[in-house]
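Reviewing the structure listed below.
The values are calculated or read from the model by the stated rules, or taken from the named source; none is laboratory data. Nothing here was measured: the structure is a model prediction, and the numbers come from that model. Cβ placement follows ideal geometry from the backbone for every residue including glycine, while neighbour counts extend to all protein chains displayed. Surface accessibility is based on the protein's heavy atoms, side chains included, excluding ligands, DNA and RNA. Shrake-Rupley method; radii C 1.70, N 1.55, O 1.52, S 1.80 Å.
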There are 2 protein chains.
Amino acid sequence: MQLFRFPDRNEWPKLLARPVSDDEQIGKTVKRILSDVKRNGDAALKKYTERYDGFYPESLEISHIELEEAEKAIDEKLKKAIALAAENIEVFHRSQLHPRKKIITSPGVECWQKDVPIEKIGLYIPGGTAPLFSTVLMLGIPARIAGCREIILCSPPRSDGNIHPAILYSARLAGINRVFTIGGAQAIAAMAYGTKTIPRVYKIFGPGNQFVTIAKQMITHYGVAIDMPAGPSEVAVMADDTAEPAFVAADLLSQAEHGPDSQVLLVSNNEPLVHHVIKEVERQVKSLSRGQYAMKALENSRIILLRDNADMIDLINDYAPEHLIVAVKDADSLVESITNAGSVFIGNYTPESAGDYVSGTNHTLPTHGYAKSYSGVNMDSFIKKITFQKISPDGLRNIGPAIIAMAEAEELTAHKNAVLVRIQEKEKK
Amino acid sequence: MQLFRFPDRNEWPKLLARPVSDDEQIGKTVKRILSDVKRNGDAALKKYTERYDGFYPESLEISHIELEEAEKAIDEKLKKAIALAAENIEVFHRSQLHPRKKIITSPGVECWQKDVPIEKIGLYIPGGTAPLFSTVLMLGIPARIAGCREIILCSPPRSDGNIHPAILYSARLAGINRVFTIGGAQAIAAMAYGTKTIPRVYKIFGPGNQFVTIAKQMITHYGVAIDMPAGPSEVAVMADDTAEPAFVAADLLSQAEHGPDSQVLLVSNNEPLVHHVIKEVERQVKSLSRGQYAMKALENSRIILLRDNADMIDLINDYAPEHLIVAVKDADSLVESITNAGSVFIGNYTPESAGDYVSGTNHTLPTHGYAKSYSGVNMDSFIKKITFQKISPDGLRNIGPAIIAMAEAEELTAHKNAVLVRIQEKEKK
């Protein structure tokens, strides 16, 4: 980890800059895959599955029997853990629903907003070394609570052609209707355009590698929505002399183990703490199964020493981290000044991994500074808010003159007429 | 208007298809403008203003004096109308704010969601024949209520170098801090990248021509959010024998007058009504100042006759109109079945123009079928929802085993350690 002691504010942007990847070549490949799947449907999906996942699939869909039988492969301890996580995710996300409120804005003018679930939702779950079944819960449970009618899931098959049973078990628990064994940009294309086997969806969620990320961005130009733009995962830890070096080190490492491109930032006003943390990191990393990834990520990561809380808060708001751990005195009041972050973990006993799995908050969060304008996944991500209005004849007489005056000023005669024709008709009666 | 009588369901997609514009050439121009502004800042802005708006600006910013003096150019009747619109917009949008709720998901585990305004917001208001000051209110007022710290507005100058006083007056009323006389893709570029004069913003709102729309889409790849993708404006009217032909005709025309690419759709189960509406359209169009635009839009617009309410609702949900007027018997209960629409107008006395200006609902709405996955602009558009969690030592002991089990199954040892190191430390004490 590189240590920067009391850098000037004008150096901050350089210190906080994320790596920018040159994705032009990947973009070309993704474009080719998208148009191939659009034209050739299932045949293209099978071809790419053979090319990238190493085998030619007879069927692209997991059968209901396989879905049901996945449960047998999950041990009881994990089942109990998943049940607790699912319950907390459900409780927290249900609390985000709001009753419909009818508002009388002017006499006779009634307006309201109605939450309507997005009908067709597609989830993407990456393959890779470990099965990300927790993301299945984080996306599937709110989609079910929202009332989305069709929830499908795509995930690349392992070399035996199957999907890890923990993913299938979590999918069934979350109420996902159908699961398909396809991955990569081809999975995104299939959900965006639809094929004979894969239904077209209106919004696509979930993390993925650069191919998946770029495919998701491209399909937004063709009428399909996505959860949010995605980059490598990040944590910032804000720590003072009340923080426990061993805890801070464990948190930095749990971010770093995600992969060599993970972004890890420690911000502190206390130099001795920082040196204790560095020592702890070196000690703890030895026992990690993914220690080599973590070391690589830590090479690029930064420790920034600053004078006081005000500076630390400003720097963190400039950086807009995906995850923020606040291990300082008076953390409760200090976090009120946080304006840019995805999810915030308060105090010494709130590790990021709690929010990754069980606390109930969502772990699909904005990276790469997007926390300045995007929320993490929440109930709103699965809902559209349709507005309604109903005006009585008297109501229209009340607000009609204002509509007419504004339509005239915008030189829209027909807008004005739509009011006039109604008021005149009413007066005739 | 073209009449389609009882088309088969498999013909619906063709009937409901929106025109797709080939924007490759525009895309190239926009890309050039974006990179020019990024590199050359204000100089590029002045160059494009001279090229596209016909004069070389000394200053790009409207002075505070000009902003204040705009009021003098607005007559009292219009001021009163704007005041009523502003009040209703404020009342309806304020009703969308929700108090913070702290949720205990497991004993000792407290989670909450906090609404935080997006700090820097940019609004784009097109120029053109008529001043769209109503859009200034629709975007500026919710941004102010949300608490956005910096709200700027860009709009192309008229030939005298100024912006219409109704836009300036509405901007000041909405609490917009700074107004700049730039338009087109160069305005979007300026707000996305920032220049010496124009501050960089985190999210850009507002309608525009194809150059503006494509520029907005492009800058989403560089970390700036936008309100929503945009296409030509649309209305669908659902009418049965209880509808008033003159009202329906006036509503179709008030959509059609927006321009030749406006999308107008009439859906009915009553053939006599349809013929009355056609006659009324022909009668009313003669008195319109923008009649020639309206006629052009109506040439491409469609009337679809269907057997019953169920078919009409299905077709409308397939189309997902920006605006939907429901002038049928039992409209109140029928609208509960509407799942895809931007804003819905219920009954014979609720014209679209009420929602365009005064009722209080927002008029920035999803077009081109995006209502299947996007909401119109609402308070959420100006807010990020940051999640927070605070876990007590006992709380971590409660959920710790579940975190550990899930981290193990996902093969993330450091995630597990972040819990273990805390529980063990606690036990030592």
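Which value, in debye to the nearest 20, gives the size of the charge dipole of the protein assembly as shown about its Cα centre, when Lys and Arg are +1 and Asp and Glu are -1 at the Cβ? Provide the component values of the computation, followed by the final result.
Values: 98 positive and 106 negative charges, 71 e Å.
For this selection, approximately 340 debye.
Whole angstrom only: what separates the Cα centroid of segment A:342-358 from the Cα centroid of segment B:133-162?
39 Å
For chain B, set up a Gaussian network in which alpha carbons nearer than 10 Å are linked by springs, and say which option among B:77, B:31, B:384 fluctuates the most.
Between B:77, B:31, B:384, it is B:77 that shows the largest mean-square fluctuation.
Leaving out ligands, DNA and RNA, calculate the buried accessible area for the pair A and B with a 1.4 Å probe, summed over both sides, in Å² to the nearest 100.
What A and B bury together is about 10800 Å².
Between segment A:82-110 and segment B:80-98, what's the alpha-carbon centroid distance in Å?
22 Å
Going by Cα centres, segment A:278-340 and segment A:27-65 are how many Å apart?
Cα centroid of segment A:278-340 versus Cα centroid of segment A:27-65: 40 Å apart.
For segment A:23-226, what does the alpha-carbon gyration tensor say about shape, rounded, prolate or oblate, given a ≥ b ≥ c as the root eigenvalues, a/c under 1.5 as rounded, and a/b over b/c as prolate?
Oblate, because a/c is 1.5 or more while a/b does not exceed b/c.
Among bridges DSSP assigns within chain B, what percent are antiparallel (round to 5)?
Expressed as a percentage, antiparallel bridges in chain B total about 25.
Please report the accessible area of residue A:388 (heavy atoms, 1.4 Å probe, ligands and nucleic acids excluded) in Å², nearest 10.
Estimated to the nearest 10 Å², residue A:388 gives 0 Å².
Of the accessible area of the protein assembly as shown, with the probe set at 1.4 angstrom, what percent is carbon plus sulfur?
Solvent-exposed carbon and sulfur of the protein assembly as shown make up 50 percent of the total.
Straight-line reach from residue B:47: which lysines fall under 23 Å, measuring Cα to Cα and dropping same-chain residues less than 8 apart?
Within reach: B:28, B:31, B:38, B:196, B:216.
Among the chymotrypsin sites (Phe, Trp or Tyr not before Pro) within segment A:39-103, which fall in a DSSP loop and have no more than 15 other Cβ atoms within 10 Å of their own Cβ? Mind dumping the intermediate values first?
Working: sites: A:48, A:52, A:55, A:92; in loops: A:55.
Here the chymotrypsin sites (Phe, Trp or Tyr not before Pro) that fit, given the DSSP loop and packing criteria, are A:55.
Round to the nearest 0.05 the FRET efficiency obtained for residue A:332 and residue B:101 when R0 = 22 Å and r is the Cβ-Cβ distance.
The value I calculate is 0.85.
Taking the Cα centre of segment A:23-226 as origin, sum charge times position over the Cβ atoms of Lys and Arg (+1) and Asp and Glu (-1), and report the length of that vector in debye to the nearest 20.
Magnitude of the dipole: close to 680 debye.
So, taking all protein chains as they sit and a 1.4 Å probe, how much accessible area belongs to residue B:1, in Å² rounded to tens?
Per-residue accessible area (residue B:1): approximately 70 Å².
Got a sec? Which residues of segment B:239-258 lose 50 Å² or more of accessible surface with every protein chain in place, vs. that chain alone, 1.4 Å probe?
The answer is B:247, B:257 - residues whose exposure falls by at least 50 Å² when every protein chain is included.
Taking a point 7 angstrom from the Cα of residue B:55 along the C-beta vector, which residues in segment B:142-164 have backbone N less than 11 Å away?
Within reach of a label on residue B:55: B:157-163.
Between residue B:23 and residue B:35, how many nm apart are label points set 7 Å from Cα along the C-beta direction?
Once both label points are built, they end up 2.0 nm from each other.
For chain B, set up a GNM with springs between Cα atoms under 10 Å and report which of B:377, B:116, B:179 has the largest fluctuation.
B:116
Would you be so kind as to list the residues of segment B:83-104 that have their accessible area lowered by at least 10 Å² in the full protein complex compared with their chain by itself (1.4 Å probe)?
B:84, B:88, B:91, B:92, B:95, B:96, B:98, B:100, B:101, B:103
Mind checking which lysines have their C-alpha under 20 Å from residue A:286, skipping anything on the same chain fewer than 8 residues away?
A:296, B:416
What is the list of residues in segment A:294-327 whose amide nitrogen lies under 13 Å from a point 7 angstrom out from the Cα of residue A:11, following Cα to Cβ?
So the set is A:303-307.
For residue B:299 and residue B:411 in one chain, what is 0.36 nm times their gap in residues minus the Cα-Cα distance, to one decimal in nm? Don't jump to the answer; show the numbers that get you there.
Numbers: separation 112, 0.36 × 112 = 40.32 nm, distance 6.22 nm.
Answer, rounded to one decimal: 34.1 nm.
Mind jotting down a quarter of the surface of the convex hull over the alpha carbons of chain B, in square nanometres, one decimal?
Result: a mean projected hull area of 26.9 nm².
Just name one of B:86, B:157, A:30: the one whose Cα is farthest towards the positive end of the charge dipole of the protein assembly as shown (beta-carbon charges, Lys/Arg +1, Asp/Glu -1).
Going by the charge dipole, the pick is A:30.
Could you tell me the accessible area of residue A:78 in Å² (1.4 Å probe, neighbours in place), rounded to the nearest ten?
Its heavy atoms expose roughly 20 Å² to the probe.
What number comes out for accessible area per residue over chain A if the probe is 1.4 Å? Units Å², please. Please report the intermediate quantities before stating the final value.
Values: 16250 Å² over 429 residues.
It amounts to 38 Å² per residue over chain A.
Return the distance in nm (one decimal) between the two label points of a simple spin-label model at residue B:394 and residue A:242, each offset 7 Å from Cα along Cα→Cβ.
Modelled inter-label distance: 2.0 nm.
Cut-off 10 angstrom, C-alpha nodes, Gaussian network model of chain B. Which of B:265, B:132, B:45 fluctuates the most?
Highest fluctuation among the options: B:132.
Under 20 Å Cα-Cα from residue A:279, which aspartates and glutamates qualify once same-chain neighbours fewer than 8 residues away are excluded?
A:240, A:241, A:244, A:251, A:257, A:271, A:299, B:425
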